[in-house]
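In what follows, a structure is listed as structure tokens, so that the remarks can point back to it.
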Ligand SMILES: [Zn+2]
């Protein structure tokens, strides 16, 4: 009973927070939204990746509100056209999904179809090829299934307790931070592979369970509302890849693989992870050299006319579960929505 009241209160706050979320979305000339999972919430206490999912109810609320606003929900091609022709008469929003999860087909696609809203899916080709390493979820599984975890950190064998939600969460955050601080993606993946081998977590199974296969992607891609974008082959943090040639191949090959599988060549790209530690000037330049019309980061921000000069370094706004909720609460409480977002009112392409 008490739980229900708290939850209802929270949801109300969440929904009233939507106005605050829409305000920055409607700033500038437009914005690009980032989503990952759309699926009913799970009850588990330990959900360190909860920030990557929103519920279908929340998602439908968002679509309904977007539909009512005087804003155009447009495809990436149309956004590109508006930048090239400097057609900024009307504000716009692009809806994008990263990684190609099965729940997109099950929950998001029917809603987007119902409201007739265009959107894009960025596919890392190793995921439908069933070779994807969703290392952040593999780490979650290792910690969820074990009460004590041993691993070698900086050459030293260490053991950590993970007996309850709090300990699991702290351990997840600690190891995640340690992994992200590593200089190369290869080193990081090796640590996760070793952990998974020790604690019997089947990395390919996570990919099979959660990600669409090519047939499922083809079902979605068939819709005139859908744009399929590239998201590299192996979903690596490109900035941490030493070789320029590898970065180039990751972008270019993913485009060819998608073209071979679906018959259309992607014109748009999303950098995996996409924050400043994962995509920088080298990546923006290579994407441009390869002729991508646009490429998106996860640097937060709305779009301004000046982004027309930086079409392979576009910011997005994350529509994320936990993280966004906390932001709403903060924004609501401080009443400084505009000031909060003004921090990001600059082109960030360095
Ligand atoms: Zn991704």
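For region 284-306, the tally of residues that are touching a residue at least 40 places away in the same chain (Cβ under 8 Å), within 22 Å of residue 94 (Cα to Cα) and more than 14 Å from the ligand (Cβ to nearest atom) stands at 12. Selection over region 228-250 of residues that are in contact with a helix residue (DSSP H, G or I) (Cβ under 6 Å, 6 or more places away or on another chain) and either in a loop (DSSP other than H, G, I, E, B) or within 16 Å of the ligand (Cβ to nearest atom) (or both) gives a count of 10. Checking each residue in region 165-190 for being over 20 Å from the mean Cα position of the chain (by Cα), more than 17 Å from residue 234 (Cβ to Cβ) and surrounded by 12 or more Cβ atoms within 10 Å (Cβ to Cβ) picks out 165, 167, 168, 169, 170, 171, 174, 175, 178. Please determine whether any residue of region 301-309 is farther than 22 Å from residue 77 by Cβ, within 20 Å of the chain's Cα centre (by Cα), at pLDDT below 95 and not in a helix (DSSP H, G or I). Within region 301-309, none of the residues are farther than 22 Å from residue 77 by Cβ, within 20 Å of the chain's Cα centre (by Cα), at pLDDT below 95 and not in a helix (DSSP H, G or I). The test for being within 16 Å of the ligand (Cβ to nearest atom) and within 19 Å of residue 31 (Cα to Cα) holds for residue 273. Within region 24-63, the set of residues being part of a helix (DSSP H, G or I) and either within 16 Å of the ligand (Cβ to nearest atom) or free of Cβ contacts under 8 Å to residues at least 24 places away in the same chain (or both) comprises 51, 52, 57.
Take the residues of region 79-111 that are in a strand (DSSP E or B) and within 16 Å of the ligand (Cβ to nearest atom): which is nearest to the chain's Cα centre (by Cα)? Can you show your working first?
At the first step, the residues of region 79-111 found to be in a strand (DSSP E or B) are 92-98, 101.
Remaining after also requiring within 16 Å of the ligand (Cβ to nearest atom): 95-98, 101.
Numbers: 95: 11, 96: 8, 97: 6, 98: 5, 101: 11 Å.
Within region 79-111, the match that is nearest to the chain's Cα centre (by Cα) is 98.
Checking the structure you have, find out if any residue of region 260-268 is within 21 Å of residue 78 (Cβ to Cβ), outside any helix (DSSP H, G or I), more than 16 Å from the ligand (Cβ to nearest atom) and in contact (Cβ under 8 Å) with a residue 24 or more places away in the chain. Yes - at least one qualifying residue is present in region 260-268. In summary, residue 79 fulfils each of the numbered conditions (1) at pLDDT 90 or above; (2) exposed (fewer than 13 other Cβ atoms within 10 Å of the Cβ) with the single exception of condition (2).
Looking across region 130-177, the residues that are out of contact with any helix residue (DSSP H, G or I) (no Cβ under 8 Å at 6 or more places or on another chain) and either part of a helix (DSSP H, G or I) or closer than 27 Å to residue 208 by Cβ (or both) come down to 145, 146, 147, 165, 166, 167, 169, 170, 173, 174, 177. In region 149-164, the residues that are over 11 Å from residue 195 (Cβ atoms) never reach a residue that is loosely packed, with under 10 Cβ neighbours inside 10 Å with C-beta atoms less than 7 angstrom apart, at least six apart or across chains. Residues that are crowded, with 18+ Cβ neighbours inside 10 Å and closer than 23 Å to residue 119 by Cβ within region 233-261 comprise 233, 235, 251, 254, 255, 257, 258, 261, listed in sequence order.
The values are calculated or read from the model by the stated rules, or taken from the named source; none is laboratory data. Predicted model, so just to flag it, every value in this text is computed and none were measured. Note that we place each Cβ from the backbone using ideal geometry, even for glycine, and neighbour counts take in every protein chain shown.
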